[in-house]
Amino acid sequence: MNEGGQLIGIEEVSSLFEKSIESIRKYKNYGILKVADKVGNKDLFDREDVLLKKQLVKEMQVQRGLSLSQIAMELDRLDEMRSQGPEKILIVEDEEGTRETWQEFFQGSGYDVFGAGDGQQALDMVRMNRPNIVLLDLRLPGLDGYQVCQRLKSDPLTSEIPIIMITAFLTGASDTVRGLEYGADDYLNKPVDLDVLAAKVKSVLRRVAR
């Protein structure tokens with residue numbers, strides 16, 4: 001271990017993970033754990049990174065059922081998101097004027113914003129652009145908001161992307177309940193107050209970042 005106590009050998013990594021050294025080597029080979037330095041032939045790992053990865057790997061394996069290769073992909077994506085600039089918002093709204101108004105508003109607030117006009121386009125854009133959050137209108141041509149939400153939340157590679165469901169004014173409470181049952185993280189009724197929506201976006205993004 002180095003003088004500051006931040007770099008640790010594979011034996012201590014094994015102890016922290018409560019896994020065999022062979023398992024830790026496998027994590028290293030998949031790129032889940034990355035060597036921070038070497039002393040001779042001895043691999044050294046950053047202790048804080050190891051503790052963070054321990055929690056993430058446990059969550060992804062136990063709660064989400066991801067394979068090691070999927071975990072490695074997801075960790076790379078998280079690293080990429082941290083290194084990138086503004087957070088990305090996907091606005092899924094079939095009314096073009098409304099979609100453009102929301103896009104301009106959030107772009108003016110410093111977000112990287114893109115839009116989709118129907119459910120299938122929304123699914124395609126999530127896979128291509130990996131947004132930090134999706135604002136999802138309930139009433140869409142083709143695949144509706146329920147179906148889009150269900151597909152995103154049932155896919156291990158997109159299930160952690162938060163979704164705010166936008167429900168039409170005067171729809172019943174059952175629509176909101178149904179949206180939450182499909183995995184939506186929050187909801188808002190139309191007509192939308194953009195300041196309220198922006199506050200919800202910030203709140204949800206803070207919540208999922210913890």
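The values are calculated or read from the model by the stated rules, or taken from the named source; none is laboratory data. Given the structure is predicted, the values throughout are model-derived calculations rather than measurements. All Cβ positions, even for glycine, are placed from backbone atoms using ideal geometry, and neighbour counts span all protein chains on display.
The rows are residues; the columns are (1) assigned to a loop (DSSP other than H, G, I, E, B); (2) touching a residue at least 40 places away in the same chain (Cβ under 8 Å); (3) within 23 Å of residue 168 (Cα to Cα); (4) not basic (Lys, Arg).
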site	(1), (2), (3), (4)
59	no, no, no, yes
90	no, yes, yes, yes
106	no, yes, yes, yes
139	yes, yes, yes, no
147	no, no, yes, yes
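Taking the numbered list (1) at pLDDT below 95; (2) surrounded by 14 or more Cβ atoms within 10 Å (Cβ to Cβ); (3) under 21 Å from the mean Cα position of the chain (by Cα); (4) not basic (Lys, Arg) in turn, residue 36 passes all entries but (3).
Is there a residue in segment 189-204 that is at pLDDT below 85 and assigned by TED's automatic domain parsing to the domain that holds residue 106? No: zero hits. Of the residues making up segment 30-48, those that are closer than 15 Å to residue 14 by Cβ and either out of contact with any helix residue (DSSP H, G or I) (no Cβ under 6 Å at 6 or more places or on another chain) or touching a residue at least 24 places away in the same chain (Cβ under 8 Å) (or both) number 7.
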